[in-house]
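The block underneath contains the structure these notes are about, expressed in structure tokens.
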Amino acid sequence: MEPRKISVFIPVYRESPLLEPLLTRLLNDPYKNREIFVIVDEPTERSIETSRRFSDNVYFIFNRRRMGKAHVLNEITKQADGDIYLFLDSDTLIDGDGESFLEVIAKEMEDVDIIEVKKEVIRDTFLAKITSYDYLSFNLTSWLFSKKIGKCLGVNGAAFAIRKETFNSLGGFRKVICEDLDLATRSFIGGARFKFIDEVAAYTKVPPSLREWFNQRKRWGIGSALWFKEYFNLLKRVLREHPEVVMPSLLSIFPTLPLFLANLLIPDDLFIKMIYISLILLSTRTSLFLPPTALTSTTISTLRNLLIMIGSLAAYSAIFSLIARMFQLSFNPLDFIIYYFTLAPLWFFIIVTSLIKVYVKRKNIEVDWKV
């Protein structure tokens, strides 16, 4: 029996330095029952030159203007013959770790409808090394949903596969900012079977500068906030039915969340006032207590916050180290500390402000993204 055909789709905006090595790896893969489509919006000379080198084995489609990722993918799937659709971002590389990447995809799709591939960041810059800890949490979330529920609320669109009939039954991608997240959520509602696999990996390139990272996360934040608002009732139900999956996922994706909740929910006024009054009474007996009494109103609160922060950092360092070991990914304590105190809180507050924007002034929201 001939193995099922895999249709590979790679959307490109203008150009990608990783497109050529990605196509090379796909064409060198021993799994031959495949077809590869590359769809380029606003192509550059580099993209056109790449197409000339691979035109014998790859279908290239060029759009003079930016059509949008969801639109071009929906259109090109109509021309595909595959039983399995594999979507890859153009800034991604694949690795089978000695195995055929496509063969693993085909094998794992035998008893499920949608597959998420383990993601790892291409650690070519300091920012990439710091950002990699976000992807550890993304992998953990997908693994938890795969093991505990067998359905997924979201996938990372850099590399995932879905059955043709499942994709068509869902009506393809909707024209939203986070089209991959939205597709996965609708697959959850439809009862599609989900699996996270780590036998193979997809290596994704993160933005090269902090400004570009920030712009990307602002887009993700608005897209996630719109998704949250649309599927709020579903998310409430999933949290109620599967807290053992949702809570660890939230806590890993947003390491700042425990500190935020601690400062928001744990009252310290009464505690500080009790100590303050005690020190005042002691100060009437001896002047030794005058300096600590004067500083108590700020010192106790600061010390409490410092202890909570150190405890949270230690716990998260241990947890992320275990996650990295589980998925055979990199972990560096110093890099993680920098991530914990910089990108993690920034990402959390981007989400918070995005939610406020979506609920307060949706009509004025603008994003640099064609949907």
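Between Ser146, Ser16, Ser169, the GNM of the chain built on Cα springs shorter than 10 angstrom shows Ser169 fluctuating the most. Based on Cα contacts under 8 Å between residues 6+ apart, the chain shows a relative contact order of 18 percent.
Treating only the Cα positions of the chain as identical point scatterers, give the base-10 log of I(q)/I(0) from the Debye formula at each q in 0.06, 0.09 Å⁻¹. Log10 I(q)/I(0), no solvent term: -0.28, -0.57. The protection proxy used here, the mean number of other Cβ atoms lying within 10 Å of each residue, ranks peptides 226-236, 118-128 as follows, highest first: 118-128, 226-236.
In plain terms, if you count all Cα to Cα distances in the range 108-160 and split them into 5 Å steps from zero, the share in each step is 4, 19, 26, 22, 13, 8, 6, 2 percent. Under a model in which nothing but the beta-carbon of Lys, Arg (+1) and Asp, Glu (-1) is charged, the chain shows a dipole of about 1400 debye around its Cα centre. For the listed residue pairs Lys5/Lys148; Lys32/Lys151; Lys107/Lys195; Lys147/Lys229, the alpha carbons are over 19 angstrom apart in Lys5/Lys148; Lys32/Lys151; Lys147/Lys229.
Size descriptor for the range 6-208, Kirkwood hydrodynamic radius: 17.1 Å (Cα pairs only, one decimal).
Every read-out reported here was derived from the displayed coordinates using simple, explicitly stated rules and does not represent laboratory data. Quantities reported herein were computed from a predicted structural model and do not represent experimental measurements. No Cβ is skipped: glycine too gets one built from the backbone with ideal geometry, and neighbour counts run over all protein chains shown.
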